[in-house]
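Report on one structure; see the data block that follows.
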Amino acid sequence: MQISEVVLFTDGASRGNPGLAGAGVYITDTGGKKLVEKSLFLGKTTNNVAEYRALIIGLEEVIKINPSHVTVKMDSELIVKQLNGEYRVRNPGLLPLYRDAVERIEQINGIRVQHIPRNENREADRLANKAIDERE
């Protein structure tokens, strides 16, 4: 069965900046039914790197689902504005991650990237922090 539209929530967490970091990915259909839940420990990195890594992991999962429409929801205003062309990527450490994300975004039809308040991103945040808590 083809899923026509999904919502991708992503969040990166870093305890310290840089510090121990995790990525959280939560994908639902438009009715809110959970399709994918991922949590990944990233080692020691900055919060912005963790945010981008979470996004890239989420986009890889969306590509597997192959929906006709995707709404990406993130609480990182910086990354949303960079992806939407409102801000340039000035940090040389983020540029390869930005390019990686854009490359995946170009593989997805009907995608939009939207900034949401942190309290609307609880599941992805929980998963990112779970990755740090349960690190091996």
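The values are calculated or read from the model by the stated rules, or taken from the named source; none is laboratory data. Treat the numbers as computed from the prediction; the structure is a model and nothing was measured. Positions of Cβ are generated from backbone atoms using ideal geometry, with glycine treated the same way; all protein chains shown enter the neighbour counts.
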Can you name every residue in segment 4-26 that is β-branched (Val, Ile, Thr) and on the phi > 0 side of the Ramachandran plot? none
Tell me the residue from 52, 26, 98, 87 that is of a type in the set (Ser, Thr, Tyr) and within 17 Å of residue 6 (Cβ to Cβ), please. 26
crowded, with 19+ Cβ neighbours inside 10 Å, modelled with pLDDT of 95 or more and either over 16 Å from the mean Cα position of the chain (by Cα) or small (Gly, Ala, Ser) (or both): is that true of residue 22 in this structure? yes
May I ask you to list the residues in segment 37-52 that are within 19 Å of residue 104 (Cα to Cα) and either touching a Gly at 6+ places or on another chain (Cβ under 6 Å) or surrounded by fewer than 16 Cβ atoms within 10 Å (Cβ to Cβ) (or both)? 50, 51
Inspect all residues belonging to segment 8-19 and state whether any of them is free of Cβ contacts under 8 Å to residues at least 60 places away in the same chain and basic (Lys, Arg). no
Of 107, 82, which residue is among the polar types (S, T, N, Q) and within 14 Å of the chain's Cα centre (by Cα)? 82
Breaking point among (1) out of contact with any strand residue (DSSP E or B) (no Cβ under 6 Å at 6 or more places or on another chain); (2) within 23 Å of residue 120 (Cβ to Cβ); (3) assigned to a strand (DSSP E or B), for residue 43: (2)
Return a yes/no flag: does segment 4-12 have any residue that is modelled with pLDDT of 95 or more, surrounded by fewer than 19 Cβ atoms within 10 Å (Cβ to Cβ) and of a type in the set (S, T, N, Q). no
Given the residues 42, 59, which is the only one that is farther than 24 Å from residue 3 by Cβ and touching a helix residue (DSSP H, G or I) at 6+ places or on another chain (Cβ under 9 Å)? 42
